[in-house]
Each structure stands twice: as structure tokens, then as C-alpha cells.
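Each value in this text was obtained by applying a stated rule to the coordinates, not by laboratory testing. None of these values were measured; they are calculated from a predicted model. Note that each Cβ is placed from the backbone with ideal geometry, even for glycine, and that neighbours are counted across all protein chains shown.
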């Protein structure tokens with residue numbers, strides 16, 4: 001019986017290599033998009049938590065003011081970064097397939 005043949009060394013799939021974009025501008029934009037998506041998710045979570053605390057009357061008026069101002073400034077900065085990298089806020093909402101989208105759909109707010 002002949003000895004077993006060694007497995008062929010893996011070759012990169014030329015189709016996968018063709019789909020992989022190595023353009024530095026695209027890589028930077030995609031990375032920025034991912035980072036901004038995570039920041040937007042955290043911003044929305046912080047906003048919901050702040051609203052919950054306001055509803056529970058768990059914050060002083062000064063704390064409400066500071067949180068509101070901070071969240072507005074963060075939102076404005078997010079919009080500036082999106083503009084800088086030719087993104088829209090809607091572009092940050094990743095499609096998770098059958099799970100839906102990562103961020104809740106904006107409904108006029």
C-alpha cells in the first residue's frame with residue numbers, strides 16, 4: 001500500500017482575493033464606519049439610559065442638563081465625522097440578516 005499523499009498546500013481562492021479590496025482609502029473608510037457604528041450604538045444606549053433615569057427622577061436638573069448637552073455634542077460630532085468620510089448616519093446601521101438591523105430604525109426622532 002503506498003504511503004498517504006501529503007495534503008496540497010492551501011492556495012488562496014482567487015475569487016476571494018478578487019473581492020478583497022486593498023485600496024487604502026476604502027480600508028480607512030470601512031474602519032471608520034465600523035468605529036462610528038460602535039460609537040453610535042453606545043451613544044444610543046447612553047441616551048436610553050439617561051431617559052430612563054430622567055423618567056425615574058433619578059437625576060438632578062444640572063445632571064439632566066449636562067447629559068443632554070453631552071449627548072447632543074456627541075451626536076453633532078458623529079454627523080461631522082460621517083460627513084468627513086462621506087457617510088450618512090443611516091450607513092452606520094449594519095444589516096444583521098435575519099436578526100434585522102443593529103440600530104433601531106429612526107422614526108422621526
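Quick notes on this structure:
- Cβ-Cβ under 7 Å pairs, at least 6 apart or on other chains, segment 62-86 side in contact (Cβ under 8 Å) with a residue 40 or more places away in the chain, far side part of a loop (DSSP other than H, G, I, E, B): 82/88
- Residue tally, condition within 12 Å of residue 81 (Cα to Cα) and either touching a strand residue (DSSP E or B) at 6+ places or on another chain (Cβ under 8 Å) or surrounded by 15 or more Cβ atoms within 10 Å (Cβ to Cβ) (or both), over segment 32-56: 6
- Whichever residue in segment 57-69 is in contact with a helix residue (DSSP H, G or I) (Cβ under 7 Å, 6 or more places away or on another chain) and part of a helix (DSSP H, G or I) and, among such residues, is nearest to residue 86 (Cα to Cα): 67
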